[in-house]
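Asks: Got a structure for you, written out below as structure tokens; questions coming shortly.
The numbers here are math on the coordinates, done by the rules we state, and not lab data. Being a predicted model, the structure only gives us computed values, none of them experimental. In this analysis, Cβ positions are derived from the backbone assuming ideal geometry, glycine residues included, and neighbour counts consider all displayed protein chains.
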């Protein structure tokens, strides 16, 4: 059975890859059948096999991956995954743990852009959005709480800059930086 694929290989910075490698480093052998496809197709995995850190061996009727050079594999693994995750869900945490800001779902930072022509209660303070919109074009805030008569969520930034042409000036316009999360 071949461990290579004709499909293009990619860089692998993921929690699945990290968990699999930790399991391999801990036990020094893992069954071929437990190798996730995304790990098998990664160029990191292919490089580690080519470097001789890991070999595929027959073990009874099955095949297993066995670590040949544990210290070299540990060194390369720690370079690939440089720090322990603090699990705060931020892009910075993902880079520290996986070397990739998009390796796993991130928690929204809550940054919102607002435009309006009325007063709204934002994070417990009355804000005259009319003044902010006229003077600066928008009001930006790390949003904790928002109260307004009418709110129009606008996903596209270009549309957000001109949405009053469609919805009028009775609505407060809201555009979030990044995805709108459950929060």
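Asks: Could you work out how much longer the chain between residue 121 and residue 142 gets when fully extended? Use 0.36 nm per residue separation minus the Cα distance between them, nm to one decimal.
Replies: Fully extending the segment from residue 121 to residue 142 adds 6.2 nm.
Asks: What number, in percent, do you get for the relative contact order of the stretch 111-176 if the mean sequence gap of Cα pairs under 8 Å and at least 6 apart is divided by its residue count?
Replies: Value for the stretch 111-176: 40 percent.
Asks: Also: Quick check: pseudo-label points 7 Å beyond the Cα along Cα→Cβ at residue 55 and residue 27, how many nm apart are they?
Replies: In this crude label model, residue 55 to residue 27 measures out at 2.0 nm.
Asks: Okay, moving on. Taking the mean number of other Cβ atoms within 10 Å as a proxy for protection, how do you rank 45-57, 136-148 from highest to lowest?
Replies: 45-57, 136-148
Asks: Sort all Cα-Cα distances of the stretch 111-176 into consecutive 10 angstrom bins from zero, then give the percent of pairs in each bin up to the one containing the longest distance.
Replies: So the P(r) values, bin by bin, are 24, 63, 13.
Asks: So, one more: Take the Cβ-Cβ distance between residue 70 and residue 37 as r, set R0 to 25 Å, and report the resulting FRET efficiency rounded to the nearest 0.05.
Replies: Result of the calculation: an efficiency of 0.50.
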